Amino acid sequence: MMLKSKHLIGLEDFPISDLNKIIDTSFKFKQILDSPGRKINLLKGKTLVNMFFENSTRTKISFTLAEKRLGADSINFSATGSSVKKGETLKDTVQNIESMQIDGAIIRHSHPGAALKLTEYIDGSVINAGDGSHEHPTQAILDMVTLKEKFGKIKNLKIGIIGDILNSRVARSNIFGLKKLGAEIVVCGPSTLLPNDVTKLGINVTHNVDEVLNWCDAVIVLRIQLERMHLGRIPSTREYHRTFGLTYERVNKLKKDITVMHPGPMNRGIEIDSTIADSKNAVILDQVLNGVASRMSILYLLLGDKSKKL
């Protein structure tokens, strides 16, 4: 093992040395992805299982591609159509998979703490691909790789996070990770979409989007979860767009350039205008490629053999 940690469950208690090592190693894998071969068999002979109990497109594809590029064998498990639907417990499911002699598991689950629970059932490394509204550490790491690529540093960067902070595992992981690396953070959103204890995370809070944009170097725009609209936390998507949306008018009147990020999938015309999402300020497609590179880095550093040098 090349990290102090055996698992990647979240960034709140993750060692800063491990975080920096993952980010720095991501750039080496980015070079490999940019090369004609695009494949390096550093995990040949390793078996990984992708356990997605929630729908996922980007994260699942990104992990699967990272595993293939590293030469690992992977098993894709989906809760849809599985024995879980027939009442089988997580423990039973995992122990059946464990009997296949896997080396590691990537899990996405709707319940906070599911990834941590999984570590009790298997001997291999566990990587959290999102557990409820708790954390999504690999998304935050790819965001940090993207920021370091853009600015050459993370320390002292001013980062705005706009949107549904209350339900966002991406926001939580970014707050923990970016603060650890010395960035300044301001979160912005409707009061109904901010946790009551958000200031305990050591960040500043505002409800004024223009204030954030005038202050920040980069902004992370979060997806408004339309499936939660029935809860009545925002009056309407039109009202949200008017008050908190990253609109062309807002960005165009700034006296500086800012970097625009989004974890995807985007609701164009609600939290972000298409003209901004597709503009030169946006690094959203860079985030996608950095997602594969950073997940290759995570897998290699958690599961790789020290004798197989990168």
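The values are calculated or read from the model by the stated rules, or taken from the named source; none is laboratory data. Fair warning: this is a prediction, and the values are worked out from it, not measured in the lab. Cβ placement follows ideal geometry from the backbone for every residue including glycine, while neighbour counts extend to all protein chains displayed.
Observations, loosely collected:
- Some residue of the stretch 215-224 being more than 20 Å from residue 183 (Cα to Cα), buried (at least 17 other Cβ atoms within 10 Å of the Cβ), touching a residue at least 24 places away in the same chain (Cβ under 8 Å) and under 24 Å from the mean Cα position of the chain (by Cα): yes
- Near pairs, Cβ below 8 angstrom, 6+ apart or cross-chain, from the stretch 252-268 (in a loop (DSSP other than H, G, I, E, B)) to any residue that is loosely packed, with under 13 Cβ neighbours inside 10 Å: 265/57; 267/226
- The condition of being in a loop (DSSP other than H, G, I, E, B), among the hydrophobic types (A, V, I, L, M, F, W, C) and either out of contact with any helix residue (DSSP H, G or I) (no Cβ under 9 Å at 6 or more places or on another chain) or at pLDDT 95 or above (or both) holds for only one of 165, 102, 159, that being 102.
- Matching entry among 68, 117, 86 (being basic (Lys, Arg) and modelled with pLDDT of 95 or more): 68
- Hits in the stretch 133-159 (condition: under 19 Å from residue 27 (Cα atoms), among the small types (Gly, Ala, Ser) and surrounded by fewer than 24 Cβ atoms within 10 Å (Cβ to Cβ)): 152
- Every pair of residues 6+ apart whose Cβ atoms lie under 8 Å, when the first sits in the stretch 165-180 and is within 19 Å of residue 206 (Cα to Cα) and not assigned by TED's automatic domain parsing to the domain that holds residue 147 while the second is modelled with pLDDT under 95 and of a type in the set (A, V, I, L, M, F, W, C): none
- Among (1) buried (at least 17 other Cβ atoms within 10 Å of the Cβ); (2) farther than 27 Å from residue 66 by Cα; (3) at pLDDT 95 or above, the one test that residue 283 misses: (2)
- Per-region count, the stretch 269-310, residues without any contact (Cβ under 8 Å) to a residue 60 or more places away in the chain and among the aliphatic types (A, V, I, L, M): 7
- Where residue 129 falls short, out of the listed (1) touching a Ser or Thr at 6+ places or on another chain (Cβ under 8 Å); (2) over 14 Å from residue 47 (Cα atoms); (3) of a type outside the set (S, T, N, Q); (4) surrounded by fewer than 17 Cβ atoms within 10 Å (Cβ to Cβ): (4)
- Cross-chain or 6+ apart pairs with Cβ under 9 Å, the stretch 116-138 first and under 12 Å from residue 104 (Cβ atoms) and without any contact (Cβ under 8 Å) to a residue 12 or more places away in the chain, then surrounded by fewer than 17 Cβ atoms within 10 Å (Cβ to Cβ) and of a type in the set (A, V, I, L, M): none
- Within the stretch 132-155, being farther than 22 Å from residue 113 by Cα, of a type in the set (D, E, K, R) and under 12 Å from the mean Cα position of the chain (by Cα) holds for one residue alone: 143.
- Residue check, residue 60 closer than 26 Å to residue 93 by Cβ and crowded, with 17+ Cβ neighbours inside 10 Å: yes
- Enumeration of residues in the stretch 264-291 that are within 17 Å of the chain's Cα centre (by Cα) and at positive phi: 264
- Scanning the stretch 1-45 for residues that are at pLDDT 95 or above, assigned to a helix (DSSP H, G or I) and aliphatic (A, V, I, L, M) yields a count of 4.
- Hey, residue 46 closer than 28 Å to residue 93 by Cα, of a type in the set (D, E, K, R) and buried (at least 19 other Cβ atoms within 10 Å of the Cβ) or not: yes
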